[in-house]
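K.L.:
Below you'll find the structure I mean.
Only the coordinates and a few stated rules stand behind these numbers; no lab work does. Small disclaimer: the values here were computed from a predicted structure and weren't measured. Cβ placement follows ideal geometry from the backbone for every residue including glycine, while neighbour counts extend to all protein chains displayed.
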Amino acid sequence: MTVDWQNAIDWLFAEPQCDTSRIGLWGSSQSGGYVVYMAARDHRIKAVHSQVGAFSGHGLGTTPEAYVEGTKRARGELGYPTPGAVVLGNLRGAPIYRHFANYSPVDDIVKAGDIPIQIVIAEKEELFDNKEHGLLAYERYRGPKNLIVVRDNSLRHLRCGMATGA
């Protein structure tokens with residue numbers, strides 16, 4: 001899930017115009033968890049901004065239905081979701097639930113060192129429980145941190161990367 005992030009960071013470190021002492025990551029929605037996951041594994045990252053981030057996949061990837069789907073997909077009996085399918089709230093795109101079984105940036109955040117991390121959550125998050133995602137990640141992190149709660153629930157703008165109403 002994060003190979004592209006790793007490749008981009010590696011590529012940046014060879015760029016003469018890049019100040020590698022100031023590499024920061026910004027992620028929104030699923031990528032809001034990816035940036036924390038990456039910071040826990042690559043200490044070249046110096047700051048993180050996680051916007052309405054998904055911080056755990058345990059509840060998605062370890063259900064009986066996820067196991068059945070995973071088995072069928074491994075045996076070629078089930079294909080992949082149609083691009084752009086809407087199967088979870090208003091989220092465009094369908095998750096492959098088994099891929100999330102071991103994904104847990106909420107647990108990894110303690111390994112991010114002492115970098116500044118900003119977490120933005122939507123007060124009325126529609127895709128997951130903030131108490132198990134952004135708020136729990138914020139609570140667990142011991143380094144410099146900032147929490148922003150978007151009260152007007154401008155999720156449409158947040159998920160597009162335009163943090164308005166914060």
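K.L.:
Quick one: how many residues across segment 26-73 are among the β-branched types (Val, Ile, Thr) and over 17 Å from residue 107 (Cβ atoms)?
P.N.:
5
K.L.:
Within segment 1-100, considering only helices (runs of 4 or more DSSP H) that don't extend past its boundaries, which have at least 2 residues that are under 12 Å from the mean Cα position of the chain (by Cα), surrounded by 14 or more Cβ atoms within 10 Å (Cβ to Cβ) and of a type outside the set (Val, Ile, Thr)?
P.N.:
30-41
K.L.:
Report whether or not residue 53 is of a type in the set (Gly, Ala, Ser) and touching a strand residue (DSSP E or B) at 6+ places or on another chain (Cβ under 8 Å).
P.N.:
Against the criterion (of a type in the set (Gly, Ala, Ser) and touching a strand residue (DSSP E or B) at 6+ places or on another chain (Cβ under 8 Å)), residue 53 qualifies.
K.L.:
Still on this structure, please answer the following. Would you please name the residue that is surrounded by the most Cβ atoms within 10 Å (Cβ to Cβ), looking only at residues in segment 101-150 that are touching a Pro at 6+ places or on another chain (Cβ under 8 Å) and not small (Gly, Ala, Ser)?
P.N.:
117
K.L.:
Moving to a separate point now. Determine the pairs where a residue that is free of Cβ contacts under 8 Å to residues at least 12 places away in the same chain, located within segment 126-140, has a partner that is part of a helix (DSSP H, G or I) and buried (at least 16 other Cβ atoms within 10 Å of the Cβ) with Cβ atoms under 8 Å apart, the partner being 6 or more residues away or on another chain.
P.N.:
none
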